[in-house]
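J.: Have a look at this one.
Any read-out appearing in this document is the output of simple, stated calculations on the displayed coordinates, not a laboratory observation. Quick caveat, the model's predicted, so the values are computed rather than measured. Heads up, the Cβs are rebuilt from the backbone with ideal geometry, glycines too, and the neighbour counts pull from every protein chain shown.
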Amino acid sequence: MPTTAAKRKVVPKARANSSAPDYDVHDLGLAEAGRKRIEWADKQMPVLRRIRERFARELPLKGQRLGACLHITCETANLLRALKAGGAEVFACASNPLSTQDDVAAALVDQYDIPTYAIHGEDRDTYYSHLRAVLERHPTITMDDGADLVSLLHTEYASLAERVKASMEETTTGVIRLRAMANDGALKIPVVAVNDAQTKHLFDNRYGTGQSTLDGIIRATGVLVAGSVIVVAGYGYCGRGIASRARGLGADVIVTEVDPIRALEAAMDGFRVMKMIDAAKVADIFITATGDKHVLSSIHFGLMRDGAFLSNSGHFDVEIDMAYLTDTAKKVEKNVTRNVDAYHLSNGRVVYVLGEGRLVNLACAEGHPAQVMDMSFATQAMASEWAAKAKHLEIKVHEVPVEIEQEVAGVKLAAMGIKLDTLTAEQKKYLASWESGT
Ligand SMILES: NC(=O)c1ccc[n+]([C@@H]2O[C@H](COP(=O)([O-])OP(=O)(O)OC[C@H]3O[C@@H](n4cnc5c(N)ncnc54)[C@H](O)[C@@H]3O)[C@@H](O)[C@H]2O)c1
């Protein structure tokens, strides 16, 4: 990953009472381009726009300090605008070093007055200094995409935890981590599992990840998907979306799984299901989407075809064992084409890794389409409002209230011009009764 020292142009002075600067972005000169991109995305985000307008009237977040650790993209910028319109003081950092859109980060600072700490390609130290900068602003509500901010809040910044009313978690991997913390009695703040809302994972993980993962692979490699053998590891929400989109483009899709029910579902959906060790020998393109580690590992690389593409769409860059691949490769050629590194194996074959094994849809494309993020982020905004208004929230992982889900889906349907039937009084009574049978 490139270091940021040479790239960074803007390092403003530190804030009073804090070692963190007011913001840290690549180049404020990009702000106008970022503004245009944010406004373009806004046109595809009718649900969030309607929430922003209501928030501006009602100010439900007044008095809250909202620290967000999210992918800094134009869709996220529109979520941050809605939260600010709701009266919150908002500040943000990146949840992934490779997903930051530098023009959007610049626009957030320059055009929307939202302190932002995010530079595309930032190294690990910079990444964590940005998370710290957000926590040093003492948030009362946090938002996370992978639980990195909350993890830091529980370790280095534990003294701040009692001021945090709640944290929203956007992704599967983060929710798994937070549930593990709750089970161990280690969780110190209430968390809302936004990821688990149907208005999030059904649409974002499935349709968003499905389309954008293929988009990332095509942008990085230019490969013809039709006729390719594609292995999708994991048949969860993301895997289902990826597999169905790959099939739609004409690929021969193989699924690998560890869960018998998901494996059966994949088989009945018409995909070949096999062990990775068998799939490794026949695939042209590998896509991991499991949330697990070393799904592609030392036992698989040597079996792969010459020229195979390896990509990951799971949250962390651990699904492909990059350390093993790097240590054992005879030669590594970086950027043989943009975002693609060639690993020359000891058996003489070459495999190509996309986006350094990080989220391929963000590293090699632009993440999810705005229409999909509209629903996830509408749910984020309304869950924040719910948490801000709550008198007391128990310290545990909370589900998103069903009324929020229904409102988000209803507004989205209205925006799409779709009408649906409603239950008659007679039907409601029938569905609630147990006495009437055949
Ligand atoms: N790329 C993106 O933009 C994006 C968006 C949403 C979620 N995610 C991430 O994608 C990952 C998957 O999310 P999801 O919502 O589909 O999760 P999920 O829990 O619904 O599905 C994961 C599936 O992987 C399977 N699995 C686990 N270990 C495996 C292994 N070793 N081999 C094969 N299968 C295995 C599980 O049995 C499960 O069926 C998570 O890390 C999540 O955070 C990425």
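J.: Project the alpha carbons of segment 111-181 onto their principal axes and report the range along each, largest first, in whole Å.
T.: 35, 25, 24
J.: A follow-up question, please. Based on the Cβ-Cβ distance from ILE218 to GLU333, what FRET efficiency comes out when R0 is 25 Å, to the nearest 0.05?
T.: After rounding, the FRET efficiency stands at 0.70.
J.: So, one more: Just to check, using Stokes-Einstein with a Kirkwood Rh over alpha carbon pairs, what's the diffusion coefficient of segment 43-159 at 37 °C and 0.692 mPa s in µm²/s?
T.: 231
J.: Please rank ILE320, ILE119, ILE218, fewest neighbouring Cβ atoms within 10 Å first, as an exposure proxy.
T.: On the way: ILE320 28, ILE119 25, ILE218 15.
With the fewest neighbours first, ILE320, ILE119, ILE218 line up as ILE218, ILE119, ILE320.
J.: Moving on to the next point. Would you kindly state how much longer the chain becomes between LYS396 and SER151 on full extension, computed as 0.36 nm times their sequence separation minus their alpha carbon distance, in nm to one decimal?
T.: On the way: separation 245, 0.36 × 245 = 88.20 nm, distance 1.48 nm.
Working it through step by step, the gained length comes to 86.7 nm.
J.: Sort 286-292, 153-159 for me by packing, meaning the mean count of neighbouring Cβ atoms within 10 Å per residue, highest on top. Spell out each step's value before the answer.
T.: Values: 286-292: 25.9, 153-159: 14.3.
For the peptides 286-292, 153-159, the packing ranking is 286-292, 153-159.
J.: If one computes P(r) from the Cα atoms of segment 314-386, what percent of pairs lie at distances over 16 Å?
T.: Values: 1605 of 2628 pairs.
In whole percent, the share of Cα-Cα pairs in segment 314-386 beyond 16 Å is 61.
J.: OK, next. Which percentage, to the nearest 5, of the DSSP beta bridges contained in the chain is antiparallel? Intermediate values should be presented prior to the final figure.
T.: On the way: 10 of 53 bridges.
For the chain, the DSSP antiparallel bridge percentage is about 20.
J.: For segment 59-82 and segment 277-354, what is the centre-to-centre distance using only Cα atoms, to the nearest Å?
T.: Rounded to whole Å, the Cα centres lie 36 Å apart.
J.: Which length gain, in nm to one decimal place, applies between ASN347 and ASP196 when the Cα-Cα distance is subtracted from 0.36 nm times their residue separation?
T.: 50.0 nm
J.: While we're on this one: Rank the residues ILE254, ILE72 as a footprinting-exposure proxy: fewest other Cβ atoms within 10 Å of their Cβ go first.
T.: ILE254, ILE72
J.: Sticking with this one: Measure out, as a whole number of angstrom, how far apart the alpha-carbon centroids of segment 131-189 and segment 369-438 sit.
T.: 26
J.: Given a 10 angstrom Cα cut-off, can you work out which residue in LEU66, LEU310, LEU160 is the most mobile in a GNM of the chain?
T.: Ranking LEU66, LEU310, LEU160 by mean-square fluctuation puts LEU160 first.
J.: Quick check on segment 309-426: of the DSSP beta bridges with both residues there, what percent are antiparallel, nearest 5%?
T.: Expressed as a percentage, antiparallel bridges in segment 309-426 total about 75.
J.: Also, quick follow-up: Going by the alpha-carbon gyration tensor, a ≥ b ≥ c the square roots of its eigenvalues, is segment 234-384 rounded (a/c under 1.5) or, if a/c is not under 1.5, prolate (a/b greater than b/c) versus oblate?
T.: It comes out oblate by the Cα gyration axes.
J.: Given segment 207-310 reduced to its alpha-carbon atoms as identical point scatterers, what log10 I(q)/I(0) does the Debye formula return at q = 0.11, 0.18, 0.23 Å⁻¹?
T.: Here the Debye-derived log intensity ratios amount to -0.28, -0.79, -1.33.
J.: Any idea what Rg and Dmax come out to for segment 344-399 if you just take the C-alpha atoms, in Å?
T.: Gyration radius and largest Cα-Cα distance of segment 344-399: 20.4, 64 Å.
J.: Using only alpha carbon pairs under 8 Å that are at least six residues apart, calculate the relative contact order of the chain and give it in whole percent.
T.: 15
J.: If you average the sequence gap of Cα pairs under 8 Å that are 6 or more apart and divide by the length of segment 194-273, what percent do you get for the contact order?
T.: Working: 110 pairs, mean separation 22.3, N = 80.
That works out to 28 percent.
J.: Once you place label points 7 Å from the Cα toward the Cβ at ILE261 and ARG124, how far apart are they in nm?
T.: 3.7
J.: Additional query: Rounded to two decimals, what ratio of Rg to Rh does the chain give with C-alpha atoms and a Kirkwood Rh? Mind dumping the intermediate values first?
T.: On the way: Rg = 22.4 Å, Rh = 22.7 Å.
Radius of gyration over Kirkwood radius for the chain works out to 0.99.
J.: Also, I was wondering about something else. Based on the Cβ-Cβ distance from GLU53 to LYS428, what FRET efficiency comes out when R0 is 56 Å, to the nearest 0.05?
T.: Efficiency, rounded to the nearest 0.05: 0.95.
J.: Then there's this: As a check on your grasp of the helix formula, calculate [θ] at 222 nm for the chain: sum -39500 (n - 2.57) over DSSP H runs of n ≥ 4, divide by the residue count, round to the nearest 500.
T.: -11500 deg cm²/dmol
J.: In whole Å, what are the extents of segment 320-438 along the principal axes defined by its C-alpha atoms, from largest to smallest?
T.: 72, 44, 32
J.: Provide the FRET efficiency to the nearest 0.05 for the GLU32-SER298 pair, computing r from the beta carbons and using R0 = 45 Å.
T.: Numbers: r = 48 Å, r/R0 = 1.08.
Once rounded, the FRET efficiency stands at 0.40.
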